[in-house]
Every structure is written in structure tokens, then in C-alpha cells.
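The values are calculated or read from the model by the stated rules, or taken from the named source; none is laboratory data. This is a predicted model, so every value here is computed, not measured. Because the Cβ atoms are built from the backbone with ideal geometry, glycine has one as well, and the counts that use them run over all protein chains shown.
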Ligand code: G
Ligand code: G
Ligand code: MN
Ligand code: NA
């Protein structure tokens, strides 16, 4: 209760920030996009990852307001970067509450209009919990989002239970291989097999695949070998401020 209020105050007080982590094409090593990742710049504790407050926040009505703010902020930023890097794509994580609110499609349409971001340059990241509901309302919402032209990424892919049948039903355009499978991909044959299987699955369904949590050249080489198109991870860049991202990846020359 107290923590919930602290979170709401922090948000209203402008203590939340959006960081950006580069996403890289494996065919030409170019930065092709970014994932927007929220941070709480806590006055005493410094920069906090949402991992430390996501559970509390995601249960609360304010999750929708925070999610809306992240979406708008990230789209404003992406609209600038898309003029410097044609086709630059922005990935934005959705809270479950946003997906259930019944106004997500309207919100996304409004934000695209307002920021003039090309719909194909926005990718919404959805976790399995949302897709698991497997109801007509969820299906319709995802179809409506696709009709706007935005991409739909299945986040943390492979960690859940019903991942396969969900793919058949929903208009997902990208799989994000969870970083837990990437970590030991060079030493654990099981993880290697999972990564290959997800890659194969993505290709069979006509979806793009991005690997998360890439930290080493050896992991990168494995991913290239199996034909993965894109990667994201500390090897290419940590989540950083928009200013840092611009300086490193956009304002080059
Ligand atoms: O950035 P980091 O790896 O610390 O993020 C921890 C978790 O919080 C990840 O699962 C990430 O998807 C999630 N997360 C980060 N930013 C956002 C956000 O803006 N909205 C939602 N819904 N989740 C986020
Ligand atoms: O669940 P989601 O994929 O949205 O979470 C992204 C999270 O992964 C962020 O919190 C981000 O900080 C973290 N992350 C991104 N790249 C790496 C990496 O190379 N290694 C590790 N351990 N974490 C990473
Ligand atoms: Mn994500
Ligand atoms: Na993930």
C-alpha cells in the first residue's frame, strides 16, 4: 500500500525515465531499432530497473497510465530517429492492464497520429500471460493492432507453457528468444536446441526472430549460424538514455 503510493508519487513527480537498448541486424551489424525500457530514477536509491517494482505496479490501475506514458515517450523519440535511420523500429513493452483496458487500439492509433511515427516502425511487445487468455476479445484486439500496421512481438519467448498453439492463433510478427536460453547457448546442448527450434519455428511461421541477452561474440556467432536475423544485448549496448543512444547510434557522421 505504502509502496504503491510511493510509485504513484514517483510517476507524478517525473521520476520515471525511458531508456533505450539497441537492436542490431545480424546481416550487416547495423542498429535497426531499440527497445524502450523504463527506469525509476529514485532520489535515494538511484536508477531502479522495473524488475524491482513491476510486480506491484502491474497490479495497479496506474500501470495503464505509466504504460501510456512510456508508449508516447518512446514513439516521440522514435519519430525523431526514424528520420535519421530509415525504418528505425521502436519496441514498447505492454502491461497486461493495457491489453485488457479495451482502449489500447484507440490509444495506439492516437499516439501514432500525434507523433507521426510510421506504424511499421512501432513494435508492441506482448508477454504470454496476455495471449494465454485465448479469447475472442484478445484476438480481436491483436488483429486491430495489426490492421493499424504495427508489429507484434512475443516477448520472453520459450519460457511459457502454451507458446506453440498461441502462435497459430495470433497475428504475431516477431519472436523474442528469451535471454535465459541465450546465456549458455555455447555450452548447453539443450539451450542450443531450444534456440534452433525457436528460430526454425519463427521462419516456418513467417515471423522475424530476435535473440535477447547477447553478451559475447561466441553467442553472436551461434545465432548467426542458425540464421537468426537480429540480436539485442550488452554486447551491442546496455539500455541507455535517449541522449546517449543518439550520440552512439544516430548522430554518426
Ligand atoms: O530493463 P530490465 O531488463 O531491467 O526490465 C525488467 C523487466 O521489466 C523486463 O521484463 C521488461 O520487459 C520490463 N519492462 C521494462 N520497461 C517496461 C515498460 O515500459 N512496460 C512494461 N510493461 N514492462 C517493462
Ligand atoms: O523482458 P524484457 O525482454 O523486456 O527485458 C529486457 C531486460 O533484459 C531489461 O531489463 C534489460 O536490462 C535486460 N537485458 C538486456 N540485455 C541484456 C543482456 O545482455 N544481459 C542481461 N543479463 N540482461 C539484459
Ligand atoms: Mn521486452
Ligand atoms: Na524478454
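Restricting attention to region 61-75, the residues that are more than 10 Å from ligand 1 (Cβ to nearest atom), within 17 Å of the chain's Cα centre (by Cα) and surrounded by fewer than 18 Cβ atoms within 10 Å (Cβ to Cβ) add up to 1.
So which of 131, 139, 148, 122 ends up being in contact with a strand residue (DSSP E or B) (Cβ under 9 Å, 6 or more places away or on another chain) and away from ligand 1 (no atom under 16 Å from the Cβ)?
Numbers: 131 fails: away from ligand 1 (no atom under 16 Å from the Cβ); 139 fails: in contact with a strand residue (DSSP E or B) (Cβ under 9 Å, 6 or more places away or on another chain); 122 fails: away from ligand 1 (no atom under 16 Å from the Cβ).
Of 131, 139, 148, 122, the one residue that is in contact with a strand residue (DSSP E or B) (Cβ under 9 Å, 6 or more places away or on another chain) and away from ligand 1 (no atom under 16 Å from the Cβ) is 148.
Restricting region 80-106 to residues that are in a loop (DSSP other than H, G, I, E, B) and within 16 Å of ligand 4 (Cβ to nearest atom) leaves a set whose member that is farthest from the chain's Cα centre (by Cα) is 95. Of everything in region 120-143, what is in a helix (DSSP H, G or I), within 16 Å of ligand 3 (Cβ to nearest atom) and under 18 Å from residue 205 (Cα atoms)? Give them in sequence order. 128, 131, listed by residue number. For region 144-165, the candidate set comprises residues that are under 15 Å from residue 213 (Cβ atoms) and assigned to a loop (DSSP other than H, G, I, E, B); within that set, the residue that is farthest from ligand 4 (Cβ to nearest atom) is 158.
Pairing residues of region 136-161 that are farther than 26 Å from residue 179 by Cα and within 14 Å of ligand 2 (Cβ to nearest atom) with residues that are modelled with pLDDT of 95 or more and part of a helix (DSSP H, G or I), at Cβ distances under 6 Å and at least 6 apart in sequence or on separate chains, gives no pairs at all. Listed conditions (1) more than 9 Å from ligand 1 (Cβ to nearest atom); (2) assigned to a helix (DSSP H, G or I) are all met by residue 57, apart from (1).
Where in region 166-253 are there helices (runs of 4 or more DSSP H), lying wholly inside it, with at least 3 residues that are over 16 Å from the mean Cα position of the chain (by Cα) and surrounded by fewer than 20 Cβ atoms within 10 Å (Cβ to Cβ)?
Numbers: elements: 179-182, 189-204, 217-226, 242-245.
Correct list: 189-204, 217-226.
Here region 1-23 is the region considered, the condition is being part of a strand (DSSP E or B) and in contact with a helix residue (DSSP H, G or I) (Cβ under 9 Å, 6 or more places away or on another chain), and the residue that is surrounded by the most Cβ atoms within 10 Å (Cβ to Cβ) is 20.
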